[in-house]
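Student: I have a structure here, written as structure tokens, and I will follow up with some questions on it.
The values are calculated or read from the model by the stated rules, or taken from the named source; none is laboratory data. What you see is a predicted model, and the numbers here were worked out from it, not measured in a lab. We place every Cβ from the backbone using ideal geometry, glycine too, and count neighbours over all the protein chains shown. The protein model used for the area step is the full one, side chains on, heavy atoms only, and it has no ligands, DNA or RNA in it. Shrake-Rupley method; radii C 1.70, N 1.55, O 1.52, S 1.80 Å.
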Amino acid sequence: MIPAAPSPVGPVPADSAGNWVDRYAPAPFRPYLRLARADRPIGSWLLLIPCWWSLALALRVQAEGGAPAYGAAVGWAVLFAIGAVAMRGAGCTWNDILDRDIDGRVERTRSRPLPAGQVTLTGALAFLAIQLLVGLGVLLCLPLFAIGVALSSLGLVVVYPLMKRVMWIPQLVLGLAFSWGALMGFAVLLQALPAPAFLLYAGAVLWVVGYDTIYAHQDREDDAVVGVKSSALLFGARTGRWLAAIYASTVVLIGLALASAGAGPWAWGGLGIFTVQLANQLRRLDIDDRELCLRLFRSNRDSGLILLVGLVVDALLA
């Protein structure tokens, strides 16, 4: 049993309001759903999309050597979706447990459930355990090779929330952890990690560094006061130039993944539109406009899904 939240109805986090949790969830559950960021599913989408990219590209690799397992891929796609929601929620809960004192000193996060006193530390730990059990259930459904690949990411997940205290680009560790799904489609369908898997993973890592740098500009003044590090503080006024290099490298690496997988025109078309979307983020970016930074960050879901459509159609027509 999760201990009852001390104040189930209270202030809503400053970066989350007017969502389905506020409208429909029973009051006692709302703080826990906010703890898991269920009120902001963008994170689950961004965790899931590289998983689906890898499934589609692994199908393309399969098509080069025989009959692709389309039915199996659909099943894995559903399982990955469940796992992404559970593990993203667990990651956010773990992050908030470790950052509860810092969050209380940052304007955007001080009304999150732990610093606001809506969830006790014991309740948060119990809720974390429940989410990890769901993740474990998904893990045990995977082939043995894929289980090993998935478990290899746990160290990154555990240490990421601490990285803002020790390195200037903690987004890199986030990218290494958050992009692990770019390997998992190959792991379940091929039970191997060929070159396209690692190229796709590297591209996804840089994509995360790019979009999370935009996200981090919402907090850069507070981060400077609190004393934590971020790429937004490191890049500062040069963020646009750094992002141009990061996003260009993202596109090159994903392009190399497509080429090594023998991808066809639909995949390349998806990558082309994906590239235009990233360029549009750079064109519109104003690091001093917090609301715009949040909108540009969120637009990466659509960018990723556009690339996914190209990869899926390419795999189906292979």
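Student: Name the pairs whose Cβ atoms lie under 7 Å apart, with the first residue in region 49-60 and within 13 Å of R301 (Cβ to Cβ), the second of a type in the set (S, T, N, Q) and modelled with pLDDT of 95 or more, and 6 or more positions between them or separate chains?
Tutor: P50/S179
Student: Look through S299, S249, S260, S230 and report the one residue that is more than 16 Å from I169 (Cα to Cα), among the hydroxyl-bearing types (S, T, Y) and in contact with a Pro (Cβ under 7 Å, 6 or more places away or on another chain). Before the answer, list the steps.
Tutor: Details: S299 fails: in contact with a Pro (Cβ under 7 Å, 6 or more places away or on another chain); S249 fails: in contact with a Pro (Cβ under 7 Å, 6 or more places away or on another chain); S230 fails: more than 16 Å from I169 (Cα to Cα).
It is S260.
Student: Based on this model, can you work out whether A77 counts as farther than 18 Å from L174 by Cβ, out of contact with any Gly (no Cβ under 9 Å at 6 or more places or on another chain) and of a type in the set (A, V, I, L, M)?
Tutor: Details: farther than 18 Å from L174 by Cβ: yes; out of contact with any Gly (no Cβ under 9 Å at 6 or more places or on another chain): no; of a type in the set (A, V, I, L, M): yes.
No.
Student: Let me ask something additional. Can you tell me which residues in region 265-296 are out of contact with any Ser or Thr (no Cβ under 9 Å at 6 or more places or on another chain), open to solvent by less than 50 Å² (accessible area, probe 1.4 Å) and touching a residue at least 60 places away in the same chain (Cβ under 8 Å)?
Tutor: Selection gives A267, C293, L294, L296.
Student: Output the residue which, of all residues in region 197-213 that are more than 14 Å from the chain's Cα centre (by Cα) and open to solvent by less than 10 Å² (accessible area, probe 1.4 Å), is nearest to Q281 (Cα to Cα).
Tutor: L200
Student: Another question, if that's okay. Could you tell me which residue of region 221-235 is surrounded by the most Cβ atoms within 10 Å (Cβ to Cβ), considering only residues that are touching a residue at least 24 places away in the same chain (Cβ under 8 Å) and of a type outside the set (A, V, I, L, M, F, W, C)?
Tutor: So the first thing to find is which residues in region 221-235 are touching a residue at least 24 places away in the same chain (Cβ under 8 Å), and the list is 222-223, 225-226, 228-234.
If we keep only those that are of a type outside the set (A, V, I, L, M, F, W, C) as well, we get 222-223, 229-231.
Details: D222: 17, D223: 19, K229: 18, S230: 23, S231: 26.
Result: S231.
Student: Give region 112-130 a look and list any residue that's under 23 Å from the mean Cα position of the chain (by Cα) and surrounded by 20 or more Cβ atoms within 10 Å (Cβ to Cβ), or say none.
Tutor: R112, P113, L114, A124, F127, L128
Student: Residues that are modelled with pLDDT of 95 or more and under 30 Å from L256 (Cβ atoms): list the helices (runs of 4 or more DSSP H) wholly contained in region 3-122 that include at least 1 such residues. Reasoning before the result, please.
Tutor: On the way: elements: 20-24, 30-35, 42-65, 70-98, 100-103.
So the answer is 42-65, 70-98.
Student: Same structure, new question: With the structure loaded, tell me whether W242 is open to solvent by 50 Å² or more (accessible area, probe 1.4 Å), in contact (Cβ under 8 Å) with a residue 40 or more places away in the chain, at negative phi and among the hydrophobic types (A, V, I, L, M, F, W, C) or whether it fails that test. Before the answer, list the steps.
Tutor: On the way: open to solvent by 50 Å² or more (accessible area, probe 1.4 Å): yes; in contact (Cβ under 8 Å) with a residue 40 or more places away in the chain: no; at negative phi: yes; among the hydrophobic types (A, V, I, L, M, F, W, C): yes.
Considered against the rule, which asks whether it is open to solvent by 50 Å² or more (accessible area, probe 1.4 Å), in contact (Cβ under 8 Å) with a residue 40 or more places away in the chain, at negative phi and among the hydrophobic types (A, V, I, L, M, F, W, C), W242 comes out as no.
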